[in-house]
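The values are calculated or read from the model by the stated rules, or taken from the named source; none is laboratory data. Everything numeric here is computed off the predicted structure, so don't read it as measured data. FYI the Cβ positions are ideal-geometry reconstructions off the backbone, even for glycines, and counts take in every protein chain you see.
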C-alpha cells in the first residue's frame, strides 16, 4: 500500500472517531473562545488597540487550544493499546503520523473557522478584503502547529503527567512560529493591509523544516 | 572599583555553580558505585 | 586516576590564570569600566553552552542511528551541562545589565532567545524524568533533542528579525567592531578555561549516567530472578535511580 493511501485510511479513521462524538472539537472551540474573552478583560479593546494586540492574542488562543487538543491524538491510542495494532499493519510509520497530522490539521482548521469570525466581531476588526490572505497565513501557521504538536503528542503519550508535559514541550518550540504568524497577521490587520513576505516565508520555512524532521524521525518516534 | 559588587557576584556565581554541580555528581557517583557493589554481592549470595 | 588528578589540577590553574587576567590584566573598558569584566565569563559560558548542546545534538543523532546506550548517556549529559552553562549566562547577564542598562532584564532578541533555549532544554530534562521505560526514554528524548536543536537557529533568526538591543557581536560584528589585542587574548584564555571546566564536568556526568545504567541492569537481573532488589539498601534515598 502506498503511504498516501495508508495515510488517507488513518485520516478517515480519525475523522470517523471524532465526528461520532465531536467532543474534542467542541471543547477546543469553547476553550479558544474562553481565552479570547478573558483577554478582553485584560485590556479595554478599542479599535486601535485591537489592531495592535489582536493578532497576538488570536495566535495565543490558537496555540493554547492546539496544545490541549493535540494531546489525545496519541494518548487515546496509548490507553487502549491500539498503537501496537497500528504498528503491526503493513504500512510505513510515516503514514500513521501523516494521517494523524492531517486529521489534527482539519480539526484545528474547523476550530479556527468558528474562532476567527467571532474574534473579528468581538475585537472590532474588519476581515473584508484580507480573507484569502488571512486564510493562507492561518493554514501555514496551523500546519506548523499540528506537525510539531502531533509529533510531541506521540512523545508525551509515553510519559506520566502527559497533559501537562505536552504544552511544556510544544510551546517553547513554537515561539518562532508564534512571532512569524503574529507579524504576518498584524501586517494584514494594519491600516493598509499588505502581507509581510519575509514573515510569510519564515512561516513556510518553519513548516518545511519540521515536516522534513518528522518524516526522517518517525520510525524512531513510533518504534516499539 | 565602581560596581565591584556586581562583578564579584557574577564571578562567584560562575564558579559556585560549576563547583556545586561537580560536587553533586561526585556524590551521586559514589552512591551509585556503592549500590552496584551491594547488588553484586546480593547476586553472588543467592 | 593520577592522570585525572593532573588534568584537574591543570584546569584549576587555568581558571586561576584566567580569573587573574580578566580581573587585573585586561585593560579598563572606556565607558563601562570594571563591570565590563563580566563579559569575559559571560561570553565564555555561552560558548561552552553551545558546545555542550552541540554534543547533545550529535549524540542524539548518533543514538538514533546506532542504538547504543552510551550515546544516550552522552546526550543527557550534554543537555544537563548545557543547561548549567545557560543558567550561568542568564545570571551573569542581568548582573551586567543592571549597572549598564539600568534594568535587570529586557525583552531583547538575544535574551529572549536564550531564555527560550533554556526552557526547551529544561523540558527535555523533565521529559526524561517522566518516561519510565528506558528504551522509550532514550529514543523519545533523542527525537525531542533533535527537534529542539533544529529550533535554535529559527528562534535566533526570528528574534533577530524582530528586535535587538543587546550589544552587537564585538568580534566580526561588522564595521567598527574589534577588541583591543590584550582584551582578545584574555577573552581567549577565559573561553578556554570555561570550556575545559565544561568538558571535565561533562565527562563526570557521562560516567555517572553509565554507572546508573549498570545499576539499573543489575536491579533488573535481580528482580528477574525473583529477589527483592531493595533488600539491604543502606537508605531509601539510594533506591531511586534518578533521571
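Of the residues making up region C:52-70, those that are closer than 27 Å to residue B:18 by Cβ and either under 18 Å from the mean Cα position of the chain (by Cα) or not in a helix (DSSP H, G or I) (or both) are C:52, C:53, C:54, C:55, C:56, C:57, C:58, C:59, C:60.
Among the candidates C:106, C:66, C:92, the residue that is more than 14 Å from chain A (Cβ to nearest Cβ) and either touching a residue at least 60 places away in the same chain (Cβ under 8 Å) or surrounded by fewer than 18 Cβ atoms within 10 Å (Cβ to Cβ) (or both) is uniquely C:106. Given the criteria surrounded by 13 or more Cβ atoms within 10 Å (Cβ to Cβ), facing chain C (nearest Cβ under 7 Å), under 14 Å from the mean Cα position of the chain (by Cα) and without any contact (Cβ under 8 Å) to a residue 24 or more places away in the chain, does residue B:29 qualify? Considered against the rule, which asks whether it is surrounded by 13 or more Cβ atoms within 10 Å (Cβ to Cβ), facing chain C (nearest Cβ under 7 Å), under 14 Å from the mean Cα position of the chain (by Cα) and without any contact (Cβ under 8 Å) to a residue 24 or more places away in the chain, residue B:29 comes out as yes. The residues listed here are C:216, C:148, C:234; of these, the one that is farther than 30 Å from residue A:183 by Cβ and modelled with pLDDT of 85 or more is C:216.
With out of contact with any strand residue (DSSP E or B) (no Cβ under 9 Å at 6 or more places or on another chain) and either free of Cβ contacts under 8 Å to residues at least 40 places away in the same chain or closer than 17 Å to residue A:189 by Cα (or both) as the only criterion, which of A:147, A:114, A:137 stands out? Steps first, please.
Working: A:147 fails: either free of Cβ contacts under 8 Å to residues at least 40 places away in the same chain or closer than 17 Å to residue A:189 by Cα (or both); A:114 fails: either free of Cβ contacts under 8 Å to residues at least 40 places away in the same chain or closer than 17 Å to residue A:189 by Cα (or both).
Every option except A:137 fails the conditions.
Out of region C:194-217, which residues are over 14 Å from the mean Cα position of the chain (by Cα) and either crowded, with 19+ Cβ neighbours inside 10 Å or without any contact (Cβ under 8 Å) to a residue 24 or more places away in the chain (or both)?
Here is the first cut: in region C:194-217, the residues over 14 Å from the mean Cα position of the chain (by Cα) are C:207-217.
Passing the criteria: C:207, C:208, C:209, C:211, C:212, C:214, C:215, C:217.
Residues that are exposed (fewer than 12 other Cβ atoms within 10 Å of the Cβ) and at pLDDT below 90 were ranked within region B:32-46; the one that is farthest from the other protein chains (Cβ to nearest Cβ) is B:44.
Does region C:71-79 include one or more residues that are in a helix (DSSP H, G or I), out of contact with any helix residue (DSSP H, G or I) (no Cβ under 7 Å at 6 or more places or on another chain) and more than 14 Å from chain A (Cβ to nearest Cβ)? No - not one qualifying residue is present in region C:71-79.
Once region A:181-207 is narrowed to residues that are within 15 Å of residue A:50 (Cα to Cα) and assigned to a helix (DSSP H, G or I), the residue that is nearest to the other protein chains (Cβ to nearest Cβ) is A:183.
Scanning region C:138-155 for residues that are without any contact (Cβ under 8 Å) to a residue 40 or more places away in the chain and more than 7 Å from chain A (Cβ to nearest Cβ) returns a single hit, C:153. Among the residues of region C:104-112, are any under 30 Å from residue C:216 (Cα atoms), under 19 Å from the mean Cα position of the chain (by Cα) and modelled with pLDDT under 95? No, because not a single residue in region C:104-112 is under 30 Å from residue C:216 (Cα atoms), under 19 Å from the mean Cα position of the chain (by Cα) and modelled with pLDDT under 95.
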